[in-house]
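Remarks on the structure that follows.
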Amino acid sequence: MSTPEPHQDWAEVQAGAEFTELRRRLRVFVFPMTALFLLWYLVYVLLADYAHGFMSTKLVGDINVALVLGLGQFASTFAITALYVRYANRKLDPLATKLRADLEGAGE
Amino acid sequence: MTVRAAGVTGNSPALNIAIFAAFVAITLVVVFRASRNTKTAADYYAAGRSFTGPQNGVAIAGDYLSAASFLGIAGAIALNGYDGFLYSIGFLVAWLVALLLVAELLRNTGKYTMGDVLAFRMRQRPVRAAAATSTMVVSFFYLLAQMAGAGGLVALLLGITTKTGQSVVIAVVGVIMIVYVLVGGMKGTTWVQIIKAALLITGALAMTVWVLAKFGFNLSSLLGAAVDAGGASGEALLNPGKQYGGSETSKLDFVSLGLALVLGTAGLPHILMRFYTVPTAREARRSVVWAIVLIGVFYLFTLVLGYGAGAIVGPDAIRNAPGKANSAAPLLAEALGGPVLLGFIAAVAFATILAVVAGLTITASASFAHDIYANVIKKGQVDDKDAEVRVARITAVVIGVVAIVGGIVANGQNIAFLVALAFAVAASANLPTILFSLFWKRFNTSGALWSTYGGLASSIVLIVFSPAVSGKPAGAATPSMVQGVDFHWFPLENPGIVSIPLAFFLGWLGTVLSKERQDDKYAEMEVRALTGVGAEKAVAH
């Protein structure tokens, strides 16, 4: 490692209240969100694959359900990205920065 | 339009070459300037970790948007309509896996390669050897697809139809790429990717606005015109199923492809390596955000360009042009802006191949030098970091030569299947191992080896015995790679639906069958991953 760093009792840090809270905050967001977008993607793929009649229903002019749902995948991807960035900035970064400062300052 | 041996009608090879030569000249100057600060291993592999998130995001877009996604998807939409669009959705949604689960944690725990993360708490040598093997296999197939595509592009854009002439151009492309990588290292490669991404996205934006303007900025009118131009089967362009809806097997194949696309991206080693070029995990996150926006917007452009090519150029003209579907975007450029716009788009397509191939080469060579040479052969005891970088440079030349030869041999092959193979192998061999290693405390060396080698072997074996390799006649829409013999027994062209769950299962099985536990190392890895403690910092020059 190029960064000189104090010896840490990693297991102790890992079991600590602040770290447990950081891990909880990360997992409580990313796991359900991953399940959600994968499920939504899978539903979309299966619809495109097996429900041609439904997907071919025209809504406005030549714009059909398939196109709207496809563009919906773009919209949901952009929306989840924005939500995660907001969440990380507010809930993850401050705690991670504090923990890191505590740990890197510990050996000085 | 009639089929012309000299390539696309209205094409001016001299103009195309001149614009491409200008791109090469400019990028070479940039690469030589970047090389002045390339001294250490961190400089060579990770550009001194000095790029900002936005810069890296643009470079990721440049690394990810290959000629296959530009020419291939626009062409697929022009000819197969909606089914072509489905590819781009898989390629885009996949980035959420990288954003939420992989990018930041990987940046905090690794230094240069995917092997750094996988081997963090495992026995170093076997896991690094596995990570390097899978990195090189994925990169090789991806590389082959790009180089084989170059041959088709040459025929299309420069009017060179003889195999010998195409081989010379493939060799020239390969040599320029080797110079970029050798001289500029990761920093030079990154700048090439940034310049290429800017040109590609600007060009696509200009064409998109142009196409939309022709239809009064009304998407429905554009779709209607594409339907009219498509004749009797035009209506089918708007609906899913034109390409994959034929039989139950092809429908299942599409699900399998969809899985590989969405899970493959976050396992592509050349994408993972880009996260080491920024100073912090926060910048890695910003990189992915920029990449998602740019890649998403670009795929929206290709939707317009694909239907635009169908409406303005017409599917018959595209089908009859040399290069078939791949010629949709160049033909559209020619129809809109004449030879100058065509020359620009042609040059951008070449620049795309160069930038992607350079990224793949530096990744594969870094993995060999850092994982195999420094850690497996020298057991982590490399006294002189210069020796490791020297090995990386030599490997880059070897890979470059292999890519040239492979590109010449594979010229004319079905490149879509090579790209799908790279994604399927990445999703099977790499992603399960990465996720287990980052999130599962119990995961151990045995599990990592089982999931990596199991995913690698199952995906490759299934592909070898799939209809993509043998069994489909030369007259089929996508003929098999090998003609005259039929040894296929796996019904699907894409192995993902079997090999990805199998690799996750093997990772679990291998883990519980071994008694090894590394709880302390996992504690260290998890704390580092989440907080960024002791993460590699930017190199100051």
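Is it the case that residue B:285 is facing chain A (nearest Cβ under 10 Å), in contact (Cβ under 8 Å) with a residue 60 or more places away in the chain and closer than 28 Å to residue B:430 by Cβ? Yes. Of the helices (runs of 4 or more DSSP H) entirely within the stretch A:1-74, those holding at least 1 residues that are among the polar types (S, T, N, Q), under 26 Å from residue A:88 (Cα atoms) and out of contact with any helix residue (DSSP H, G or I) (no Cβ under 7 Å at 6 or more places or on another chain) occupy A:17-50. Among the residues of the stretch B:300-319, just one is within 14 Å of chain A (Cβ to nearest Cβ) and surrounded by fewer than 21 Cβ atoms within 10 Å (Cβ to Cβ), namely B:300. A search for C-beta distances below 7 Å between a residue of the stretch A:79-108 that is over 26 Å from residue B:524 (Cβ atoms) and any residue that is buried (at least 19 other Cβ atoms within 10 Å of the Cβ) and of a type in the set (Phe, Trp, Tyr), counting only pairs 6+ apart in sequence or on different chains, returns A:80/A:37.
Every condition in (1) buried (at least 20 other Cβ atoms within 10 Å of the Cβ); (2) at pLDDT 90 or above; (3) at positive phi holds for residue B:216 except the one numbered (1).
Taking the criterion of being surrounded by fewer than 20 Cβ atoms within 10 Å (Cβ to Cβ), within 11 Å of the chain's Cα centre (by Cα) and within 7 Å of chain B (Cβ to nearest Cβ), the only residue of the stretch A:38-90 that qualifies is A:85. The set of residues in the stretch B:147-164 being at pLDDT below 85 and not aliphatic (A, V, I, L, M) consists of B:149, B:151, B:152, B:159, B:161, B:162, B:163. For the stretch B:207-259, the tally of residues that are over 29 Å from the mean Cα position of the chain (by Cα), assigned to a loop (DSSP other than H, G, I, E, B) and facing chain A (nearest Cβ under 9 Å) stands at 1.
The residue list B:33, B:107, B:128 contains one member that is out of contact with any helix residue (DSSP H, G or I) (no Cβ under 7 Å at 6 or more places or on another chain), part of a helix (DSSP H, G or I) and either away from every other protein chain (no Cβ under 12 Å) or charged (D, E, K, R) (or both), which is B:33. A residue that is within 14 Å of chain A (Cβ to nearest Cβ) and over 30 Å from residue B:187 (Cα atoms) occurs somewhere in the stretch B:441-462. Please specify each residue of the stretch B:488-525 satisfying the condition of being at the interface with chain A (Cβ under 9 Å from one of its Cβ atoms) and either surrounded by 23 or more Cβ atoms within 10 Å (Cβ to Cβ) or more than 31 Å from the chain's Cα centre (by Cα) (or both). Within the stretch B:488-525, B:519, B:520, B:521, B:522, B:523, B:524 meet the criteria.
The set of residues in the stretch B:140-159 being in contact (Cβ under 8 Å) with a residue 60 or more places away in the chain and over 28 Å from residue B:430 (Cβ atoms) consists of B:151, B:152, B:153, B:155, B:156, B:157, B:158, B:159. Listed conditions (1) over 30 Å from residue B:50 (Cα atoms); (2) more than 28 Å from the chain's Cα centre (by Cα) are all met by residue B:528, apart from (1). Exactly one residue out of B:20, B:70, B:51 is outside any helix (DSSP H, G or I), in contact (Cβ under 8 Å) with a residue 40 or more places away in the chain and among the aromatic types (Phe, Trp, Tyr), and it is B:51. Please verify whether residue A:23 is more than 30 Å from residue B:220 (Cβ to Cβ), without any contact (Cβ under 8 Å) to a residue 12 or more places away in the chain, within 7 Å of chain B (Cβ to nearest Cβ) and within 14 Å of the chain's Cα centre (by Cα), treating the condition exactly as stated. Yes, satisfied.
Within the stretch A:91-108, track down each residue that is within 26 Å of residue B:97 (Cα to Cα) and either more than 9 Å from chain B (Cβ to nearest Cβ) or of a type in the set (A, V, I, L, M) (or both).
Within the stretch A:91-108, A:91, A:92, A:94, A:95, A:96, A:99 qualify.
Only one entry in B:142, B:112 is under 16 Å from the mean Cα position of the chain (by Cα) and under 30 Å from residue B:453 (Cβ atoms), namely B:142.
Can residue B:62 be described as of a type outside the set (Ser, Thr, Tyr), more than 20 Å from residue B:194 (Cα to Cα) and crowded, with 24+ Cβ neighbours inside 10 Å? Against the criterion (of a type outside the set (Ser, Thr, Tyr), more than 20 Å from residue B:194 (Cα to Cα) and crowded, with 24+ Cβ neighbours inside 10 Å), residue B:62 does not qualify. Determine whether the stretch B:182-205 contains at least one residue that is at pLDDT below 90 and more than 30 Å from residue B:53 (Cβ to Cβ). Checked against the condition, which is being at pLDDT below 90 and more than 30 Å from residue B:53 (Cβ to Cβ), the stretch B:182-205 yields no hits at all.
Picking from residues in the stretch B:449-479 that are among the hydroxyl-bearing types (Ser, Thr, Tyr) and either without any contact (Cβ under 8 Å) to a residue 24 or more places away in the chain or closer than 21 Å to residue B:269 by Cα (or both), the one that is surrounded by the fewest Cβ atoms within 10 Å (Cβ to Cβ) is B:470.
For the structure I just gave you, tell me whether residue B:356 is of a type outside the set (D, E, K, R), in contact with a His (Cβ under 9 Å, 6 or more places away or on another chain), at pLDDT 85 or above and closer than 19 Å to residue B:145 by Cβ. Criteria met by residue B:356. Tell me, which residue of the stretch B:103-143 that is among the polar types (S, T, N, Q) and farther than 17 Å from residue B:516 by Cβ is surrounded by the fewest Cβ atoms within 10 Å (Cβ to Cβ)? Among them, the one singled out is B:133. Being over 14 Å from residue B:31 (Cα atoms) and free of Cβ contacts under 8 Å to residues at least 12 places away in the same chain is a property that residue B:164 has.
Conditions (1) within 24 Å of the chain's Cα centre (by Cα); (2) modelled with pLDDT of 90 or more, marked per residue:
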{"site": "B:398", "(1), (2)": "yes, yes"}
{"site": "B:411", "(1), (2)": "yes, no"}
{"site": "B:415", "(1), (2)": "yes, no"}
{"site": "B:430", "(1), (2)": "yes, yes"}
{"site": "B:438", "(1), (2)": "yes, yes"}
{"site": "B:453", "(1), (2)": "yes, yes"}
{"site": "B:460", "(1), (2)": "yes, yes"}
{"site": "B:486", "(1), (2)": "no, no"}
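Do we have any residue at all in the stretch A:59-76 that's polar (S, T, N, Q) and in contact (Cβ under 8 Å) with a residue 24 or more places away in the chain? Yes, the stretch A:59-76 contains at least one residue that is polar (S, T, N, Q) and in contact (Cβ under 8 Å) with a residue 24 or more places away in the chain. Report, ordered by the first and then the second residue, all pairs with beta carbons closer than 9 Å, sequence separation of six or more or different chains, a first member in the stretch B:486-515 that is assigned to a loop (DSSP other than H, G, I, E, B), and a second member that is of a type in the set (Asp, Glu). If the second residue must be of a type in the set (Asp, Glu), the pairs left are B:491/B:253; B:492/B:253; B:493/B:253; B:494/B:253.
With respect to the conditions (1) surrounded by 17 or more Cβ atoms within 10 Å (Cβ to Cβ); (2) over 30 Å from residue B:220 (Cα atoms); (3) facing chain B (nearest Cβ under 7 Å), residue A:11 falls short on a single one, namely (1).
Quick check, is residue B:137 within 14 Å of chain A (Cβ to nearest Cβ), touching a residue at least 40 places away in the same chain (Cβ under 8 Å) and in a helix (DSSP H, G or I)? Spelling it out, it is not the case that residue B:137 is within 14 Å of chain A (Cβ to nearest Cβ), touching a residue at least 40 places away in the same chain (Cβ under 8 Å) and in a helix (DSSP H, G or I).
The values are calculated or read from the model by the stated rules, or taken from the named source; none is laboratory data. The shown structure was predicted, so the numbers you read here are calculated from the model rather than taken from an experiment. Virtual Cβ from ideal backbone geometry, glycine too; neighbours counted across all protein chains shown.
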